[in-house]
């Protein structure tokens, strides 16, 4: 999917991969182990990692550089930047908006610098990713209210995108504090 759709930016709102219902499967190899994971016709390798956990690096954001599709069509693959939010609990919201607003700014700056598609995900693709997309579109979009944005996301993605009042309120705070 990433290679076929020319994805250059991935925003992971699900934190770190793990096991169980509230997480997602890891889709990249570990940093520095020199491995290239093959997912059928093209590999993925991690070129670098910066940032870190709460208070470290980029303050709640871990940034990875992937090379994707290194074995396809004779090219050396495509560079993909992977932003991973480490401070957003499943079914909830962070304590304040600062780390998410910082992430929004970093993602926007990167999107402006590269061509290609952006993918936003969490574990279920509904709450955290929908809330981030609502706030992002509220700041950088072409207009409309947050209610309009949520309605459009729900029509395009899932009827439960932005799960409840707390997540809607968080998106509103991100925009208001911008």
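The values are calculated or read from the model by the stated rules, or taken from the named source; none is laboratory data. Keep in mind that what you see is a predicted model, and the values were worked out from it rather than measured. All Cβ positions, even for glycine, are placed from backbone atoms using ideal geometry, and neighbour counts span all protein chains on display.
Overview of results
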{"item": "Residue among 130, 138 that alone is touching a helix residue (DSSP H, G or I) at 6+ places or on another chain (Cβ under 6 Å) and at pLDDT 95 or above", "result": "138"}
{"item": "Test: residue in region 166-176 that is farther than 13 Å from residue 12 by Cα, part of a helix (DSSP H, G or I) and touching a strand residue (DSSP E or B) at 6+ places or on another chain (Cβ under 8 Å)", "result": "no"}
{"item": "Residue in region 7-30 that is modelled with the highest pLDDT, counting only those that are in contact with a strand residue (DSSP E or B) (Cβ under 9 Å, 6 or more places away or on another chain) and surrounded by fewer than 14 Cβ atoms within 10 Å (Cβ to Cβ)", "result": "30"}
{"item": "Counted residues, region 85-103 - those being at negative phi and assigned to a loop (DSSP other than H, G, I, E, B)", "result": "11"}
{"item": "Per-region count, region 122-163, residues surrounded by fewer than 21 Cβ atoms within 10 Å (Cβ to Cβ) and touching a residue at least 40 places away in the same chain (Cβ under 8 Å)", "result": "1"}
{"item": "Residue that is within 15 Å of the chain's Cα centre (by Cα) and at pLDDT below 75, where the choices are 58, 53, 65", "result": "58"}
{"item": "Failed item, numbered, when residue 119 is tested on (1) in contact (Cβ under 8 Å) with a residue 60 or more places away in the chain; (2) crowded, with 19+ Cβ neighbours inside 10 Å; (3) under 12 Å from the mean Cα position of the chain (by Cα)", "result": "(2)"}
{"item": "Candidates 88, 178 - the one that is in contact with a helix residue (DSSP H, G or I) (Cβ under 6 Å, 6 or more places away or on another chain) and exposed (fewer than 15 other Cβ atoms within 10 Å of the Cβ)", "result": "178"}
